[in-house]
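The values are calculated or read from the model by the stated rules, or taken from the named source; none is laboratory data. Just so we're clear, the structure is a prediction, and the values are computed from it rather than from any experiment. Every residue, glycine among them, receives a Cβ derived from its backbone with ideal geometry; neighbour counts consider all protein chains shown. Only protein heavy atoms, including side chains, enter the accessible area calculation; ligands, DNA and RNA are left aside. Shrake-Rupley method; radii C 1.70, N 1.55, O 1.52, S 1.80 Å.
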Amino acid sequence: AFLAAEDGLDLFVNAGTCGGFAKRGGKVGDVYCCGEFKHHDRRVPIPGYDSMCVGHRRATPAPGLVSKLGLKTGLCTTGNSLDCSPTDAPIIEESGAVCKDMEAASLAHAAELSGTPFLAIKVVTDIVDG
């Protein structure tokens, strides 16, 4: 991801799937244009890599795209596993995330490092809390 972002791209787009949260109105098939990203997974005990699992990043605003396509918006939380551990759950809840994936926050970090605008479009394929 970082190498792709360093190639002078105008925009780095992450199109993929995610889990949605029913308590925040998520349903299978919903499409989100995520405006913010946070890491929730704190299970990387390797020195030097543990700092990669923290942070709050923002996407390039795309209000025209959101309006034209009727997309939902909100924060996407990222972790490196499919499960939701007792450590992850309060972090996810506190973030107010509308969806959960395994890559967007990391890709947003790579784009930020290279100064490349970033956008994430996520389709809900399962309900995390349902």
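About its Cα centre, the dipole of region 89-130 is roughly 160 debye, where the only charges are +1 on Lys and Arg Cβ and -1 on Asp and Glu Cβ. The residues 113, 75, sorted by heavy-atom accessible surface at 1.4 Å with ligands and nucleic acids left out, run 113, 75 from largest to smallest.
Each stretch of four or more DSSP H residues adds -39500 (n - 2.57); spread over every residue of the chain, this sum gives -6000 deg cm²/dmol at 222 nm.
Once all protein chains are placed together, residue 56 keeps about 80 Å² accessible to a 1.4 angstrom probe. The residue list 114, 71, 89 was ranked by how far each Cα lies along the charge dipole of region 61-130 toward its positive end, using unit charges on Cβ atoms, and 71 comes out on top. Solvent-accessible surface of protein heavy atoms, probed at 1.4 angstrom with all chains present, puts 46, 127, 92 in the order 46, 127, 92, largest first. Residues of region 53-67 falling in the label zone of residue 24, defined by backbone nitrogen less than 19 Å from a point 7 Å along Cα to beta-carbon, are 53-63, 66-67.
Overall, the chain carries a charge dipole of about 420 debye about its Cα centre when +1 sits on the Cβ of Lys and Arg and -1 on the Cβ of Asp and Glu, all other atoms neutral.
Here residue 112 sits with roughly 110 square angstrom of accessible surface, probe radius 1.4 Å. Please report, in cubic angstrom per residue, the volume enclosed by the convex hull of the alpha-carbon atoms of the chain. For the chain, the hull spanned by Cα atoms encloses 98 Å³ per residue.
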